[in-house]
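Each remark here refers to the structure printed beneath this line.
Coordinate-derived values only; no laboratory data. Because the structure is predicted, anything quoted here is derived from the model rather than measured. Every residue, glycine as well, gets a Cβ built from its backbone with ideal geometry; the counts of neighbours run over all protein chains shown.
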Amino acid sequence: MTERVQIYGTGQEIEVRKIFCLGKNYAAHAREMKSEVPSSPVVFLKPPTAILADRKDIRIPSLSKEAHHEVELVVAISRDGKNIPARDAYDYVLGYAIGLDMTLRDVQNEAKKKGEPWTVAKGFDTSAPVSAVIPRSMIPDPHALTIRCTVNGKVRQESTTQNMIFSIPATIAFLSSLFTLERGDLIFTGTPEGVGPVHAGDEIRAELVGFASITHTVRTTE
């Protein structure tokens, strides 16, 4: 099954190829997780099947008892590129979206203890809710945006993207030095402090304030 996201205001969709995610890209979140602030980007992947459209239910696998929300600015790549200089990075940006990096925190913590990958904790189906992509022309400065996450109407996370440790150009330059970026790739740029648990029946709303939002209800699988 091909996963697609809409491009706002165009009537078009883009096929999602790869989903790159940055860990610990906000210093306050690194401290909240009792981790050191990284000296280079911390990268992991989600499969395209993790994508979830607005208003669809987030399904938490039964193997986890502690699922957390992580709100993030998402960058959508417009065209293929390799070894992209930071100065040219925006030429490869289609636009921006708001997303949630849903995380099975108990599963992740156990994997960390054993030195195992985070794939199950981060890549399960419905773990990457994402809005329509706002075209780059509508957002001249992606480092001057407010991102927010509310649970049942109460603000859990709110920060500005200027607090990211690694900027979007630096991130694109780094990723493209290791991976060929392709049209439709998404980059989840990391979450600010305030991550926390959600439970069955909770309503999560993620906002790219002034531009886009998504709302989801949390369910558990049997």
Pairwise FRET efficiency - Met138 versus Lys56, Cβ, R0 = 22 Å, nearest 0.05:
0.35
Loop-resident sites, region 132-222, for trypsin sites (Lys or Arg not before Pro), counting at most 16 other Cβ within 10 Å (DSSP)
Arg183
For the chain, would you read off the P(r) tail past 32 Å as a percentage of all alpha carbon pairs?
10
Net dipole in debye of region 4-220 [+1 Lys, Arg Cβ; -1 Asp, Glu Cβ; about Cα centre; nearest 20]:
280
With the charge dipole of the chain built from beta-carbon charges (+1 for Lys and Arg, -1 for Asp and Glu) about the Cα centre, the Cα from Leu100, Pro197, Gly210 projecting farthest to the positive end belongs to Pro197
Taking 22 Å as R0, compute the FRET efficiency from the Cβ-Cβ separation of Glu13 and Asp125 and round it to 0.05.
0.65
Write down the percent of antiparallel bridges among all DSSP beta bridges whose residues are both part of the chain, to the nearest 5.
85
With point charges of +1 on the Cβ of Lys and Arg and -1 on the Cβ of Asp and Glu, referenced to the Cα centre of the chain, which listed residue (Asn109, Asn152, Ile139) lies farthest in the positive direction of the dipole?
Asn109
Pairs from Lys56/Lys154; Lys18/Lys122; Lys65/Lys154; Lys46/Lys113; Lys46/Lys82; Lys34/Lys113 whose Cα-Cα separation, in the structure shown, is over 18 Å
Lys56/Lys154; Lys65/Lys154; Lys46/Lys113; Lys46/Lys82
Using alpha carbon centers only, region 169-222 is separated from region 1-79 by a whole-angstrom value of 3
